[in-house]
Every structure is written in C-alpha cells, then in structure tokens.
Amino acid sequence: MRLDFNKIVNKTFKPFFYNEHRKTFLYGGAGAGKSHAIDQKFIWRCLLSNWPLRFLFFRKYTPELKISMIPLTLDYLDEWGIPYEYNKNDLDLHLNKSLIMFRGMDRHGKIKSAEKIDGVWVEELTEFKKEEWIQLNLRMRGIGKTYKQIIGSFNPEDKFSWLAEMIDLNQVWHQRYTYEDNEFIDDEYKRELEDLINQDDNFYRIYTKGEWGELKNLIYERYEVKEFEVDENMMLFGGIDWGFTSLNVWMKMAYKDGTFYIIDEIAVSRTLNADFIRLVKGKHHENREQYWKFPVWADNAEPDKILEFSREKFAIIPSIKSVEVRIQLDWLKRYNFIIHPRCVNTMKEIRIYKWREVGGIVVDEAVKVKNHSMKAIQYGCYGFLVKNGLISKRGAKPIFGKKPEEVYA
C-alpha cells in the first residue's frame with residue numbers, strides 16, 4: 001500500500017517529522033494529537049529506512065502500554081494495511097527491517113541493558129524522574145546510519161517540575177500544541193475541553209490552553225503505586241461509577257490495618273450495562289471469586305443499573321447519600337492507599353484529583369472531570385467504612401487495625 005503522509009499527518013506537526021534534534025519535548029493540551037504524530041513518525045522512519053532500526057517505546061508501568069502505545073501503533077498499521085509481526089509475550093514489533101520494543105519501567109527497570117537504540121519515545125513523561133530520562137538518552141549510542149532521537153510527550157501539569165526547568169534552560173528542542181492544532185478532533189471532545197473554563201482554572205490552563213499548571217489543592221497525597229499480593233487478612237469490596245460516553249468504572253479494593261488497597265479495575269466507555277455486568281463477572285471468574293459475596297457500592301444516581309446488577313446476584317449497595325461528598329473525601333484522604341500498577345486509570349486520575357478552583361478561588365468541591373475511578377473509590381471506600389463501623393455516617397473517629405473477624409462479626 002502506498003501511503004501519502006502529507007494527507008495523513010496533521011499539518012501543524014509536519015515540521016516535527018523532519019526535526020532531528022537528539023532531545024525533543026512535545027507537550028501541551030489534551031486532544032492535540034501529540035501521541036498520534038509521534039507514533040506516525042516512528043512508523044514513517046521504519047518504512048523509509050533501508051537498514052534495520054531499533055526503537056524503544058517506554059511507559060512507567062507495563063499495563064499502560066497495553067491501552068496506549070501498543071494499540072495505537074497496531075491500529076495504524078492495520079488501518080494502512082502494513083504487514084508486521086507482533087510478539088505479545090516479548091512486546092516486540094517487527095516492522096519492515098526494524099524493531100519497536102514496548103517496555104515499562106516496572107518490568108524493565110534495568111534500562112542500562114538496552115543497547116544500540118536509534119530512537120526512544122517516553123509517553124507521559126511527567127511520571128518519570130529526570131535520572132530515568134537521562135539513562136534512556138544514554139541508551140542511544142554508537143555510530144549508525146541515521147540520527148538518534150529521544151522524544152518525551154506530556155501535559156504541562158507542574159510548572160515547578162524538571163521538565164519545565166529543561167525547557168526554560170533550552171536543554172531540549174520543544175514545541176507546544178493544543179486541540180486547535182488537531183484538524184481531526186471531533187466536535188464533542190472539543191466542547192468538553194472548552195467547557196473546562198467552567199470546571200477548574202488549573203485544568204483549563206493545562207488541558208485546554210496547553211500552558212503550565214500547578215499540582216496544588218490535591219485531594220489524595222498518601223498513596224503509592226506498587227505490586228502486592230492479596231492475602232486472607234484483607235477485607236474485599238468494590239465500587240462502581242456509571243457512565244456511557246464517559247467512563248464506566250468498576251473497582252476491586254481491599255482494606256487492612258488502616259490502608260486501602262486498589263487491586264483491579266475496569267474502565268470502559270460506550271458499554272451497555274449488560275456488557276458491563278459480563279466484564280465484571282469475568283474479573284471475578286478469573287480469580288475464582290464468588291461475586292455474590294463481594295459487597296460493591298455503586299453511584300445511587302442510576303437505580304435501574306443497580307437493579308440489573310442485583311438481579312444478577314451481585315451484592316450491590318447504593319452509595320451513601322446522606323453525607324456530603326466533601327466530608328466523605330475529607331475522611332478518605334486520611335487513609336493510606338496502595339495502588340496496583342494494573343489499575344492504569346486510577347493512577348492517571350489520582351495524581352491530579354483536586355479541589356476545584358474557579359476565578360482563583362478554591363471551593364469545597366472536587367473536580368468533575370477525569371474523576372471516574374476516584375468516584376468509584378469514594379463510593380466503595382466510604383461505604384465500606386460506614387458499613388463496618390470504622391466510621392459513622394456523621395464521621396466518627398476511624399478505628400485502625402480492626403481484625404477481619406471483628407468487622408464481619
């Protein structure tokens with residue numbers, strides 16, 4: 001198949017295709033098309049090269065690759081009818097004579113072992129430390145027949161970050177983009193971005209205008225991401241936030257000794273409730289769990305969906321209405337949270353979940369965008385605490401370290 005990249009690529013990004021600077025940042029707002037342009041450029045380089053190239057596509061956590069870089073790349077190749085070989089076990093893609101290696105820092109942390117790399121793409125660079133960026137840059141070495149380039153893509157979330165410092169000191173070639181640079185953006189998403197001006201000043205700066213923001217007024221700060229095993233002393237439960245055009249989210253969680261564990265998630269859009277039920281049952285069947293013994297708190301705004309889950313024998317409970325959301329969050333943020341790396345959407349949302357700021361004034365209300373996993377966590381965790389007597393509906397002092405037999409007695 002003959003491809004005309006002049007027709008495929010956003011016009012604004014065409015100069016980037018010919019940019020050969022070793023260190024490059026593409027940053028800016030949501031919906032700008034940054035990831036698409038970077039992915040297209042690497043495919044373009046593979047197709048044009050007469051000799052083998054080795055590229056490294058990197059995310060902080062391996063599960064993130066499977067819902068971002070991998071499907072994006074494979075979808076383009078399938079759409080364009082380009083033959084390739086993809087190894088699901090090694091996460092290696094053979095294209096033309098070249099190799100694209102998809103890697104996560106959690107599983108492939110020894111990046112020093114990667115050799116003879118011609119190009120690197122680091123997606124969501126805000127999740128990485130400066131030292132990790134430096135090490136990835138050092139993997140590109142040796143005499144080759146092409147230029148070497150490491151590209152970082154991100155939203156400008158923190159004006160005090162090492163990323164902002166590198167741009168200020170002109171240590172990288174950089175270009176800022178917004179949704180207005182994307183000629184392929186759909187009208188519905190464009191309206192969502194423009195409406196952020198009514199939601200939160202900081203989100204509007206970052207995701208609509210593509211300007212530097214600040215990580216402040218955050219709700220959850222006592223959390224960490226790491227792998228863990230579920231043990232018999234953990235008390236299991238769940239939470240659901242309904243959506244359709246927005247995300248439908250189911251969370252599997254646990255409580256133990258004053259800490260909440262975020263074990264697994266489903267985050268899908270445009271999914272009918274019957275299909276969502278099948279997905280949730282599938283998660284339980286994977287772990288040989290009896291889902292009818294698994295209490296799950298769901299958004300009370302959709303009683304018809306709750307009833308459908310109940311008819312399928314789920315132990316589903318409407319979320320608590322009688323306590324203000326602000327009060328619920330004030331209690332939950334006092335607890336520690338440990339998030340398993342497989343919970344990709346949770347990791348994405350929790351680091352930016354904040355109190356709203358409108359007209360420079362912080363209000364006692366959480367942001368209502370990029371919050372679907374956060375709502376499912378709120379429904380589940382607060383409902384669990386109240387049901388098991390760890391706090392009262394009026395917010396009594398939490399009781400840490402309660403034993404499972406005492407809770408379920």
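Throughout, read-outs are computed from the coordinates displayed, never taken from laboratory work. Values in this document were obtained by computation on a predicted structure and should not be read as measured data. Positions of Cβ are generated from backbone atoms using ideal geometry, with glycine treated the same way; all protein chains shown enter the neighbour counts.
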Practice task
Pop a pseudo-label 7 angstrom from the Cα along the beta-carbon direction at both F294 and E183 and give the gap in nm to one decimal.
Solution key: 4.7
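Taking R0 as 30 Å, what's the FRET efficiency between K190 and V325 from their Cβ-Cβ distance, rounded to 0.05? Could the numbers behind the result be given before it?
Working: r = 29 Å, r/R0 = 0.95.
Computed FRET efficiency for K190 and V325 comes out at 0.55.
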Fill in the blank from the handout: With +1 on the Cβ of every Lys and Arg and -1 on the Cβ of every Asp and Glu, the dipole magnitude of the chain about its Cα centre, in debye rounded to the nearest 20, is 860
Handout entry: Pairwise FRET efficiency - D168 versus L307, Cβ, R0 = 51 Å, nearest 0.05
Key = 0.40
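So which GluC sites (Glu not before Pro) in segment 20-124 end up in coil per DSSP with only 14 or fewer other C-beta atoms within 10 Å?
Numbers: sites: E20, E64, E79, E85, E115, E123, E124; in loops: E20, E115, E124.
For GluC sites (Glu not before Pro) across segment 20-124 that sit outside H, G, I, E and B with at most 14 neighbouring Cβ atoms in 10 Å, the list reads E20, E115.
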Completion exercise
The ³J(HN,Hα) series, computed from each phi in segment 54-70 with the Karplus coefficients 6.51, -1.76 and 1.60 at θ = phi - 60°, rounded to the nearest Hz and given as x for glycine or proline, is 10, 10, 10, 9, 10, 10, 5, 10, 4, x, 5, 4, 6, 10, 9, 5, 5
Fill in the blank from the handout: Amide H proximity to Y177 below 5 Å, modelled H, separation 5+ or other chain, gives Y27, G28, G29
Fill in the blank from the handout: Helix 372-387: inclination vs the chain longest Cα principal axis, degrees, rounded to 10, gives 20
Problem - Distance between modelled label sites at V363 and F244, nm, 7 Å Cα→Cβ extension - result: 2.7
Completion exercise
The size of the Cβ-based charge dipole (Lys, Arg +1; Asp, Glu -1) of segment 198-262 about the Cα centre, to the nearest 20 debye, is 220
Handout entry: Extreme residue, positive dipole direction of the chain, given options A315, T259, Y179 (C-beta unit charges)
Key = T259
Fill in the blank from the handout: Any residue on another chain or 5+ positions along whose placed amide H is under 5 Å from the amide H of N336 is listed here as F260
Fill in the blank from the handout: Here FRET efficiency (C-beta to C-beta, F228 to N6, R₀ 41 Å, nearest 0.05) is 0.25
Handout entry: Virtual paramagnetic centre 7 Å along Cα→Cβ of L77, amide N under 19 Å, in segment 1-45
Key = 1-5, 35-45
Practice task
Per residue of segment 235-244, in order, report the coupling 6.51 cos²θ - 1.76 cosθ + 1.60 (Karplus, θ = phi - 60°) as ³J(HN,Hα) in whole Hz, putting x for Gly and Pro.
Solution key: 9, 8, 6, x, x, 9, 10, 7, x, 9
Completion exercise
For Rg and Dmax of the Cα atoms in Å the list reads [x] 22.0, 67; [y] 22.1, 74; [z] 22.8, 70; the calculated value is entry [z]
Practice task
May I ask you to evaluate 6.51 cos²θ - 1.76 cosθ + 1.60, the Karplus curve with θ = phi - 60°, for each residue of segment 207-224 and list the ³J(HN,Hα) values in order in whole Hz, giving x for glycine and proline?
Solution key: 8, 9, 7, x, 9, 5, x, 9, 8, 9, 6, 6, 8, 9, 10, 9, 9, 8
Handout entry: Degrees, to the nearest 10: 273-286 long Cα axis against longest axis of the chain
Key = 90
Completion exercise
Here, K281 and Q175, labelled 7 Å along Cα→Cβ, have an inter-label distance in nm of 5.0
Practice task
Express in whole angstrom the spacing between the alpha-carbon centres of segment 186-245 and segment 261-335.
Solution key: 18
